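Asks: One structure coming up, written as structure tokens, with questions to follow.
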Amino acid sequence: MATDERDPRAVAETQRRPRTRLDQPRPPRRKILPDYDPEAFGRLSERIARFLGTGRFIVWMTVLIIAWVAWNVAAPDHLRFDTYPFIFLTLMLSLQASYAAPLILLAQNRQDDRDRVNLEQDRKQNERSIADTEYLSREVAALRIGLGEVATRDWIRSELQDLLKELEEQQRTAVFPPENERGRDVDDR
């Protein structure tokens, strides 16, 4: 029997679907949207938001609007591209605002993320500083307790002064014994 004895439906199923190997990575899928670097886009949005918040942007925007209005009022009729109600100018300003707001929000979100990371690092540093301070205060307390049992300079000085007083007292009593210890002569009157 040289013919294939397998089920014809199973053969048809395996012929329709290619076999995938589990020991190899899948081939990359075709993407609908182009690839972009989110960090590069975020940095660009921060630069734009930073520029939108400057006086330079206000000056350039004012110059552009004045030039737009002046051109569309003073230029010959066939060269004007936006007549008096300046609807195209309004559209352009709305378009600029519709892009500026999300870019500013994106820049603020990125700044919030950086602030959150910095606050977390500061909190960890503060915890380490507190732990170090507690350790050092325990060590200082242990040293104070240890020094309480060690002879200090003041203690030694006071002991030496006490001994010196005792020696002086002994010398004085050796040279001049007290009268009650000395035998009194009868003739000593």
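The values are calculated or read from the model by the stated rules, or taken from the named source; none is laboratory data. Since this is a predicted model, take the numbers as computed values, not measurements. Please note: Cβ atoms are built from the backbone with ideal geometry, for glycine as well, and neighbour counts cover all protein chains shown. Accessible surface areas use protein heavy atoms only, side chains included; no ligands, DNA or RNA. Shrake-Rupley method; radii C 1.70, N 1.55, O 1.52, S 1.80 Å.
Asks: Residue by residue through region 146-158, which ³J(HN,Hα) values in whole Hz follow from phi under the Karplus form 6.51 cos²θ - 1.76 cosθ + 1.60 (θ = phi - 60°), with glycine and proline marked x?
Replies: Per residue, the Karplus-derived 3J(HN,Hα) values read x, 6, x, 9, 9, 6, 9, 4, 5, 5, 5, 4, 5 Hz.
Asks: Share of region 100-148's accessible area from carbon and sulfur, percent, 1.4 Å?
Replies: Details: 2370 of 4050 Å².
Ligands and nucleic acids excluded, carbon and sulfur reach 59 percent.
Asks: Taking R0 as 30 Å, what's the FRET efficiency between Ala40 and Ala101 from their Cβ-Cβ distance, rounded to 0.05? Intermediate values should be presented prior to the final figure.
Replies: Details: r = 21 Å, r/R0 = 0.69.
Given R0 = 30 Å and the Cβ-Cβ separation, E is 0.90.
Asks: Which whole-Hz ³J(HN,Hα) couplings does region 76-84 yield from phi under the Karplus relation 6.51 cos²θ - 1.76 cosθ + 1.60, θ = phi - 60°, glycine and proline marked x?
Replies: x, 4, 6, 9, 6, 10, 8, 7, 2
Asks: How much net charge surrounds Trp155 when only other residues with a Cβ under 14 Å from its Cβ are counted (Lys, Arg +1; Asp, Glu -1)? If you can, show how the numbers build up before the last one.
Replies: Working: positive: Arg153, Arg157; negative: Glu149, Asp154, Glu159, Asp162.
Counting the neighbours of Trp155, the net charge comes to -2.
Asks: Residue by residue through region 105-120, what is 3J(HN,Hα) from phi via Karplus (6.51 cos²θ - 1.76 cosθ + 1.60, θ = phi - 60°)? Round to whole Hz and write x for glycine and proline.
Replies: Working through the residues one at a time gives 5, 4, 5, 5, 5, 5, 5, 4, 4, 5, 5, 5, 5, 5, 5, 5 Hz.
Asks: With a cap of 11 neighbouring Cβ atoms within 10 Å, and only residues DSSP puts in a loop, list the chymotrypsin sites (Phe, Trp or Tyr not before Pro) found in region 26-65.
Replies: Working: sites: Tyr36, Phe41, Phe51, Phe57, Trp60; in loops: Tyr36.
Within region 26-65, the qualifying chymotrypsin sites (Phe, Trp or Tyr not before Pro) (loop, at most 11 other Cβ atoms within 10 Å) are Tyr36.
Asks: Let me ask something else. Please identify the trypsin sites (Lys or Arg not before Pro) of region 76-142 that satisfy two criteria: DSSP loop assignment and at most 15 other Cβ atoms within 10 Å. Which are they? Provide the component values of the computation, followed by the final result.
Replies: Values: sites: Arg80, Arg110, Arg114, Arg116, Arg123, Lys124, Arg128, Arg138; in loops: Arg80.
In loop regions of region 76-142 (DSSP not H, G, I, E or B), the sparsely surrounded trypsin sites (Lys or Arg not before Pro) are Arg80.
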